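This report refers to the structure that appears directly beneath it.
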Amino acid sequence: MSVFPLRNTVPNIESNRSSKPRLSAGRALAWGFLILWILTTLIPIYWIARMAFSTQRLLLAEPTSLLPVGFTLDAFKRVLGLLPVQTVLDQGGSPKVMHFGQYLLTTLVVTILITVGSTIFNSMAAYAFGRLRFPGRNKIFYAYLIVQIIPSVLGLIPNFILIQNLGWIGTIQGIVAPSILGGAFGVFFLRQFFLGINRELEEAAMLDGATLVGIFWRVILPMSLPAITTLFVLTFMGSWNELQWAYFAGGAGRVEETTTVTVAMLAFRAQTQRGLPDYTGLMAGTLISITPMLVIFFIFGRKIVDSIQFQGYR
């Protein structure tokens with residue numbers, strides 16, 4: 001029976017200990033930066049919630065409190081139109097009546113139309129640029145990408161004049177029309193994914209008698225579902241938070257049926273009581289409006305990050 005010397009096992013123990021990661025200066029700096037970034041992101045959301053659950057008068061009396069002052073749900077009731085006007089005035093709020101349910105419904109309709117429409121058109125354009133061969137394909141694609149570097153405000157006036165000439169100001173179609181045909185980012189994003197799909201699958205489908213439309217719907221789209229889902233969520237979030245175009249094309253908040261949540265919150269902020277905005281009502285409305293985005297991001301956040309990382313290294 002052989003016995004291994006103890007000295008032969010010592011180096012292994014030491015090597016295992018030495019393999020543990022050490023907290024270097026660079027790693028500590030990276031962790032510090034990450035924690036600072038997280039706090040910078042979360043503190044505004046916490047401050048919104050703190051003000052939304054406070055009473056307006058008490059909040060103004062104790063502005064430095066870290067907790068809700070006079071905890072109450074009246075701000076949410078006030079935004080949803082469930083609180084009497086006199087009670088709102090007594091608490092220092094604004095008398096403006098908000099039809100928040102209507103604004104949420106309008107925002108949802110506009111967002112779904114833009115998201116579905118732009119995803120369909122983006123995927124078709126990306127398929128043409130990524131999988132089809134035609135003269136000048138790359139040059140047209142690069143010219144198309146130039147739109148990405150042009151400030152969006154430069155297209156505001158031409159789009160507004162076009163929508164006005166069509167008589168669509170203050171209508172749903174006027175809000176969704178410029179965005180429903182897609183954008184450069186969506187085409188670029190999906191094209192990068194389509195380039196990685198094996199062409200032998202398309203060739204096999206052609207041998208079976210499939211047309212280009214059939215290949216696109218039955219082969220390419222099912223294989224690209226993760227990328228399309230990611231683009232769908234990103235477009236949904238961007239459309240939900242859109243303010244500038246929704247304000248001008250929707251009638252600047254004067255048309256109740258085409259007023260989105262962001263435009264309504266802008267008009268609500270302009271209403272003041274005794275020279276001060278209704279902070280609690282404003283924050284309650286903000287918290288309600290961002291809740292759908294938080295839910296969507298918590299559900300699809302990991303998928304979005306993984307898909308963007310996958311696209312970025314192509």
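We did not get these values from a lab; they are worked out from the coordinates using the rules stated. It should be emphasised that the depicted structure is a prediction, and the values quoted were computed from it without experimental measurement. FYI the Cβ positions are ideal-geometry reconstructions off the backbone, even for glycines, and counts take in every protein chain you see.
Here are the numbers for this structure:
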{"quantity": "Extension reserve of the T41-I299 stretch, reckoned as 0.36 nm per residue once the Cα distance is removed", "calculated": "91.0 nm"}
{"quantity": "Principal semi-axes in Å for region 168-208 [√(5λ), Cα gyration tensor, largest first]", "calculated": "36, 14, 4"}
{"quantity": "Efficiency of FRET from Cβ geometry, I172 and T211, R₀ 25 Å, rounded to 0.05", "calculated": "0.15"}
{"quantity": "Phi-based couplings in Hz for region 145-152 (Karplus 6.51, -1.76, 1.60; Gly and Pro marked x)", "calculated": "5, 4, 4, 5, 9, 8, x, 5"}
{"quantity": "Spherically averaged projected area of region 101-265 from its Cα convex hull (nm²)", "calculated": "10.9"}
{"quantity": "Computed label-point distance, nm, for sites R199 and V116 using a 7 Å Cα→Cβ extension", "calculated": "3.6"}
{"quantity": "Relative contact order [Cα under 8 Å, 6+ residues apart], region 101-265, whole percent", "calculated": "43"}
{"quantity": "Inter-site label distance for A61 and Y144 at 7 Å from Cα along Cβ, in nm", "calculated": "6.2"}
{"quantity": "Region 218-240 and region 23-68: distance between their alpha carbon centers, rounded to Å", "calculated": "33"}
{"quantity": "Residue-wise HN-Hα coupling along region 277-287, computed from phi with Karplus coefficients 6.51, -1.76, 1.60 (Hz; x: Gly, Pro)", "calculated": "x, 7, 4, 5, x, 5, 6, 5, x, 4, 5"}
{"quantity": "Exposure proxy order (Cβ contacts within 10 Å, fewest to most) of D74, D278", "calculated": "D74, D278"}
{"quantity": "Efficiency of FRET between E257 and R137 - r from beta-carbon atoms, R0 41 angstrom, step 0.05", "calculated": "0.45"}
{"quantity": "Derived scalar couplings ³J(HN,Hα) [region 46-54; Karplus, 6.51 cos²θ - 1.76 cosθ + 1.60; whole Hz; x for Gly, Pro]", "calculated": "5, 5, 4, 5, 4, 6, 5, 9, 9"}
